[in-house]
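See below for the structure under consideration.
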Amino acid sequence: MTSSEWIVIEGGLFLLGSIWGSFLGVLVDRIPKEESIFLPRSHCNSCGHTLGALDLVPFKVWIFNRGHCVYCAAPIDPQTIISEFCTALLFSATPLLFPDIKRILFLLAFFSFALPLSLIDLRSHRLPHKLTWSAGLMGLALTWTTLEPSQSHIGGLLPSVLGFLTGFLPLWLLATFYPQGMGMGDAFWLGAIGTFVGPVGTLQTLLLSSFSATITSVLALLLFDQKQNNGSWRTLKIPFGPFLSAAGIIVVLYQQDLNRWGGIISQSLLG
Ligand SMILES: [Zn+2]
């Protein structure tokens with residue numbers, strides 16, 4: 001491939017990613033409000049002006065209007081540029097890093113749920129069932145459509161179903177008996193992650209997310225203003241969804257390596 005062909009392909013993927021990221025930003029805005037994700041057309045949340053095709057060009061409003069509405073100059077939610085930029089980066093980088101088409105497909109599909117769920121959870125401490133259930137169905141559907149010809153449908157789907165149960169059941173128990181600490185949204189989200197990564201991948205996700213959430217909570221506790229927080233760690237609320245999402249992305253990408261390291265560690269522990 002010549003360097004100009006390479007630039008065209010990478011630029012195209014970046015643009016495609018930013019358009020998809022713009023749609024994911026719409027999900028973040030509308031799903032918590034129970035609004036339709038297709039109608040009405042995109043509009044300014046301050047003045048209600050319907051946005052034209054040119055207004056929807058990714059990054060335009062950030063480059064030319066410094067993140068303000070063209071019509072009323074109200075500041076635009078930074079979530080739009082976060083989702084546009086992260087998705088554009090992901091679309092353009094993954095084909096370079098991972099030549100395996102099945103892994104790219106799984107990653108792009110998983111990310112398309114992980115990003116909006118994380119942004120919604122950070123903002124409103126919720127993981128809407130509409131998104132987590134759709135993610136679970138997507139995980140099952142992708143596993144189903146990418147089965148090897150030698151695999152039976154039932155045998156091939158079993159890891160996905162077991163992955164769901166491995167993720168859902170423990171957090172569901174926790175959410176039932178300790179609702180202050182864990183929500184049903186977390187249980188459905190880890191279950192949905194399980195449909196992508198299977199039972200072992202689900203345990204790896206739970207381990208990685210618990211570890212990173214604990215470290216973040218301790219750091220936040222040390223850095224957080226004790227007076228504002230009434231000096232109590234119980235009032236400090238850090239949503240768990242973004243940690244599950246980040247850990248899920250690592251497992252979708254590096255599951256084979258994690259399995260290998262897990263094997264080496266358990267062998268050395270068992271002597
Ligand atoms: Zn406006």
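Remarks
- Residue match in region 229-237 (condition: closer than 27 Å to Leu203 by Cβ, at pLDDT 85 or above, of a type outside the set (A, V, I, L, M) and within 20 Å of the chain's Cα centre (by Cα)): no
- Pair list, Cβ under 7 Å, 6 or more apart: region 177-191 residue at negative phi, other residue surrounded by fewer than 22 Cβ atoms within 10 Å (Cβ to Cβ) and polar (S, T, N, Q): none
- The residue list Leu122, Leu97, Leu115 contains one member that is in contact (Cβ under 8 Å) with a residue 60 or more places away in the chain, aliphatic (A, V, I, L, M) and either in the same structural domain as Gly52 (by TED's automatic domain parsing) or surrounded by fewer than 20 Cβ atoms within 10 Å (Cβ to Cβ) (or both), which is Leu122.
- Qualifying residue in region 240-258 (condition: assigned by TED's automatic domain parsing to the domain that holds Leu108, assigned to a helix (DSSP H, G or I) and modelled with pLDDT under 80): no
- Qualifying residue in region 90-102 (condition: touching a Phe, Trp or Tyr at 6+ places or on another chain (Cβ under 9 Å), modelled with pLDDT of 85 or more and more than 20 Å from Val8 (Cβ to Cβ)): no
- Long-range neighbours under 8 Å by Cβ, at least six apart or interchain, first residue assigned by TED's automatic domain parsing to the domain that holds Cys69 and in contact (Cβ under 8 Å) with a residue 40 or more places away in the chain within region 28-52, second within 8 Å of the ligand (Cβ to nearest atom) and in a loop (DSSP other than H, G, I, E, B): Asp29/Asn45
- So Ile37, is it closer than 30 Å to Leu253 by Cβ, within 25 Å of the chain's Cα centre (by Cα) and not acidic (Asp, Glu): yes
- So Val57, is it within 16 Å of the ligand (Cβ to nearest atom), closer than 26 Å to Leu90 by Cα and among the β-branched types (Val, Ile, Thr): no
- Selection over region 60-78 of residues that are at pLDDT 85 or above and away from the ligand (no atom under 12 Å from the Cβ) gives a count of 0.
- Screening Phe164 on (1) surrounded by fewer than 20 Cβ atoms within 10 Å (Cβ to Cβ); (2) within 28 Å of Ser266 (Cα to Cα); (3) modelled with pLDDT of 90 or more shows it passes everything except condition (1).
- Extreme residue, farthest from the ligand (Cβ to nearest atom), among residues of region 24-50 that are more than 25 Å from Phe111 (Cβ to Cβ) and of a type in the set (A, V, I, L, M, F, W, C): Leu39
- Qualifying residue in region 104-113 (condition: of a type in the set (A, V, I, L, M, F, W, C), farther than 19 Å from Leu27 by Cβ and within 16 Å of the ligand (Cβ to nearest atom)): no
The values are calculated or read from the model by the stated rules, or taken from the named source; none is laboratory data. These figures come from a predicted structure and were not determined experimentally. Virtual Cβ from ideal backbone geometry, glycine too; neighbours counted across all protein chains shown.
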